[in-house]
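First up is the structure itself, then whatever we jot down about it.
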Amino acid sequence: MRTLIFRTVAPYLSTLMIVFSIFVLLRGHNEPGGGFIGGLIAASALAIYGIASGVAPVRRAIYFHPMNIAAFGVVLGAVAGVVSIFVGVPFMTGLWIYPVIFGVEVPLSTVLFFDIGVYFAVVGTIGSIALALEERDEI
Amino acid sequence: MAGPSEAAIDYSRAFVMEPLALADWLVIAPVPYCLIAGALLMMLRKNAELQAKAAIIGLIGLFVLCGALLAHVVENGPVTMTMGRWLPPFGISFTVDVLGAILAVTASIVAVACAIYAAEDVDTTGRRYGFFSFLFLMMAGVIGAFVTGDIFNLYVWFEVLLIASFGLQVLGSEDRQIDGATKYAFLNLIATTMFLVATGYLYGVFGTLNMADIAAQTRTIDDARPLYTLAALYLFAFGMKAAAFPVSFWLPASYHTPKVVVSALFAGLLTKVGIYALARTLLMLFPDQRDAFADVIAWAAMLTMLLGAFGALAQTDYRRLLGYLVVSGIGIMLAGIALATVEALSAAIFYALHSMVVMTALYVASGIAARIGKSFSMNDLGGLYRSNVLFAAMSLVLFFSVSGLPPFSGFWPKAMLVRASLDASASGLATIILLTGFLTTIAVGRVWAHAYWKPAPETMGTPAAAQMKMTSLLPLLALVALTVGFGVFPETLLQLSDSAAAGLLDPSAYIQSVFPAEGAVN
Amino acid sequence: MEPVLAIFVGLLFTTAIYLMTSRHTIRILMGVAVLGNGVNLLIFTSGRLTRDVPPIIPAGLDAPLIPIANPLPQALILTAIVISFSFFAFLLVLGFRAYQELATDDSRDMRLAEPADDPLPPLGY
């Protein structure tokens, strides 16, 4: 699998896929997309990078252990649901704020943070499975 | 997205507009609590020392939350919280009645005891692998299943606890575990898929997944014929999860393979979730259909009891014997569901609580026995009584309790069930319950005679572990105290299980808690 | 359309159950995968089939203008797909491990947890 062409292209391809996954994640509230599919795209980016240049560089590149990333995602998702306790509405109610940053109104919501949590959970778990399977192949 | 300019919309047609009392958060609190705690432990899993302490403290916190939930439910009747403010049945409702709350409390007690035992039993590798994270994830699944009021959400919690249990089952990855895990994983996955099949049909029939909504509709539906299919599918799926007779063989094939503490957790929690779901669907959602299947359930109950008791008699291995005792206990709970009077159901619920505590304690006892004797086989064990009298005494209490002998917690539910089955002129059921109790006494009597009473065989070596630290007996001591307490002072628990049973048979309070307006009409 | 899909669901279930009666774990696994797909199709069908547009509300509106497809079965199926996908992955790894460690994929030969030559219980003491 480690042909020259693939090894040269893979880092760029992975970068592009990560960027695209973030795009898909952010457009997911009103249009097709979202945290789950974005996370899958990002995880496959990691997998491709792993196939091309080995698992160790991937693990170095993402710095955190994939399971820690997944756990962080779960915490983020759960906390995004619990925030509504302070407003007196039920668990998982979407709460919106509209801060203006550099003259642009940016709608932020707990829904978005939940989706980001899903994204990390999916990247972490699928990435960890993919990397573990690739490590097995290398032996 | 709802911008500030669109405030003119009448939100009350889609949203719950009443402000939410802080106490209502107790309904949902245990679930995100477990998820967050498990995830944090996963992030901290390099620090093996901290893990155990944090997990024990975290689970005690869970117990406090569940206890507060039970107190809240006992005081105010069933409590509902609907996710995301959507009006039920559109939002996912979490509805807790006494049954769910009391099972959640007992589950959290079991989890605390297992975590204390695991602090000694699970080594650094197991902790790094994430034992305590999986434990919390499984608790999220178990408690989520007990508190949810939405049948598809129940399926999701089943899968959460299943995936966590897979992780726990293969912890250590010995060959025996892989073998046991294969059978466990395949058969449980098939059972949950059957659950999903039934839920798909249910959605097709009712167009709703909210259990209170379904419970209200089944009692007035015009064409009840599809409901028989649904009830049969649920009976099969949850019967398989609970290990009822014709589909029970995965349990004795797998429960003795993982680490002792994992077996203890499984025995205490997983099959009872199956029984809970069976009671919830058959009694609350499909009462008429359950009446039609009552004979089938009664036969399954009798055969499950007998299979468990005879299987236990035939075993050499301490832990495999306990696996069969779990099965026979399931039969007793099924007998309660087959009779479906308030008394019988109350007995079944009481027995479920008793079984959670006692089966966990027995597995922990088998682990301690193996730690002293270096084996689970009754051929190799011996002299446990002489090496540690306190441990032997506690084991004896558990043996009495699991056989249903008087001063302990197993006695009351069995006595109530026998009386209820005689009242319903189901003398066959009563006979089998008594016979099972008798056979169980013989089976555990054999364990006592061989593992505890007979002199230690030479192969066992000197009982060096006799000077066991008090902390390793602590979880066992707590669980034994609980079974003695349930046995000597059963009144409070009986009141709770009575009201839980009444709530299952007449779900109007449950429905009213989800639909306040409609409930007033009923 | 519903009868056609119902028959197809039945075919998938039949295939799945036939595969699951095999003794080989890999075939059981295939059966479980087919069963999962059958269930998804079943949920889809029981949500009623219509020739409506996807359930997406146009920008700037609060309600769809024309009848839309029922989004709930789609959400259910998505959940079910995610779950069955992760379970399939787990079971695949587990089955492979079992094949490696136990050197068999025949469930009849997997007797490590319940050995056929288990010693008899002690008969006296």
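The average projected area of the stretch B:22-508, computed from the convex hull of its Cα atoms over all directions, is 20.8 nm². Among the trypsin sites (Lys or Arg not before Pro) within the stretch B:48-140, not one is in coil by DSSP while having at most 12 neighbouring Cβ atoms inside 10 Å.
Across the options B:Ser248, B:Gly373, B:Thr182, the greatest Cα extent toward the positive end of the charge dipole of the protein assembly as shown (unit charges at beta carbon of Lys, Arg, Asp, Glu) belongs to B:Gly373.
Taking the Cα centre of the protein assembly as shown as reference, the dipole from Cβ charges on Lys and Arg (+1) and Asp and Glu (-1) amounts to some 1640 debye. Against the longest principal axis of chain B, how steep is helix B:318-339, in degrees 0 to 90 to the nearest 10, with axes from Cα atoms? Tilt of helix B:318-339: around 40 degrees.
When the charge dipole of the stretch B:76-180 is built from unit charges on Cβ atoms (+1 for Lys and Arg, -1 for Asp and Glu) and taken about the Cα centre, the candidate among B:Trp157, B:Thr82, B:Ala107 whose Cα reaches farthest toward its positive end is B:Thr82.
Checking the a/c ratio against 1.5 first, then a/b against b/c, what shape does the Cα gyration tensor give for the stretch B:351-441? Here the stretch B:351-441 falls in the prolate category. Pairs over the 32 Å Cα-Cα cut-off, from the set B:Lys46/B:Lys241; B:Lys53/B:Lys272; B:Lys374/B:Lys414: B:Lys46/B:Lys241; B:Lys374/B:Lys414.
For the stretch B:300-332 versus the stretch A:82-139, the inter-centroid distance based on Cα atoms is 46 Å. With respect to chain B, whose longest principal axis is taken over its alpha-carbon atoms, helix B:287-313 is tilted by about 10°.
The slack in the chain from B:Val64 to B:Asp123, taken as 0.36 nm per residue of separation less the alpha-carbon distance, amounts to 18.5 nm. Among complete DSSP H helices in chain C, those whose alpha-carbon atoms stretch at least 30 Å along the helix's long axis and whose mean Kyte-Doolittle hydropathy reaches 1.0 are C:25-46, C:71-102.
Among the trypsin sites (Lys or Arg not before Pro) in the stretch B:323-408, those placed in a DSSP loop whose Cβ has at most 14 other Cβ atoms within 10 Å are B:Lys374. The charge dipole of the stretch B:22-508, taken about the Cα centre with unit charges on the Cβ atoms of Lys, Arg (+1) and Asp, Glu (-1), comes to about 1240 debye, rounded to the nearest 20.
Free of any chymotrypsin sites (Phe, Trp or Tyr not before Pro) that DSSP assigns to a loop and that have at most 16 other C-beta atoms within 10 Å, the longest stretch within chain A is A:1-62.
Relative to the current alpha-carbon distance between B:Arg386 and B:Gln217, full extension at 0.36 nm per residue lengthens the span by 54.7 nm. If you take all other residues with their beta carbon under 15 Å from the beta carbon of B:Tyr385, and give Lys and Arg +1 and Asp and Glu -1, the sum is +3. Basic side chains Lys and Arg get +1 at the Cβ, acidic Asp and Glu get -1 at the Cβ, and with that the dipole of the stretch A:4-138 about its Cα centre reaches some 160 debye.
Scalar couplings 3J(HN,Hα) for the stretch B:96-113, obtained by applying the Karplus form with A = 6.51, B = -1.76, C = 1.60 to θ = phi - 60°, are 10, 10, 4, 4, x, 5, 6, 5, 5, 4, 5, 4, 6, 4, 4, 5, 4, 4 Hz; x denotes Gly and Pro. Return P(r) of chain C (all Cα-Cα pairs; 5 Å bins starting at 0; whole %; ordered from short to long distances). Answer for chain C: a P(r) of 2, 9, 13, 14, 13, 11, 9, 8, 7, 5, 4, 3, 2, 1, 1, 0, 0 percent.
Working from Cα positions, state the angle (0 to 90°, nearest 10) between the long axis of helix B:342-373 and the longest principal axis of chain B. That helix lies at roughly 40 degrees to the long axis. If you sort the three axes of the alpha carbon gyration tensor as a ≥ b ≥ c, you get a/c of 1.5 or more for the stretch B:1-96 and a/b no higher than b/c, which makes it oblate. Computed with the Debye formula from one identical point scatterer per Cα of the protein assembly as shown, without solvent, the log10 of I(q)/I(0) at q = 0.05, 0.09, 0.10, 0.11 Å⁻¹ comes to -0.26, -0.86, -1.08, -1.31. Among C:Ser22, C:Phe85, C:Pro64, flag the residue with its Cα farthest along the positive direction of the charge dipole of chain C, charges on Cβ as +1 for Lys/Arg and -1 for Asp/Glu. Positive-most Cα among the choices belongs to C:Pro64. Averaging 1/r over every pair of different alpha carbons in the stretch A:31-139 and inverting the result gives a Kirkwood radius of 15.3 Å.
Every number here is computed from the coordinates shown, using simple stated rules; none is lab data. On a predicted model such as this, the values are computed, not experimentally measured, just so you know. Glycine also receives a Cβ, built like all others from the backbone with ideal geometry; neighbour counts cover every protein chain displayed.
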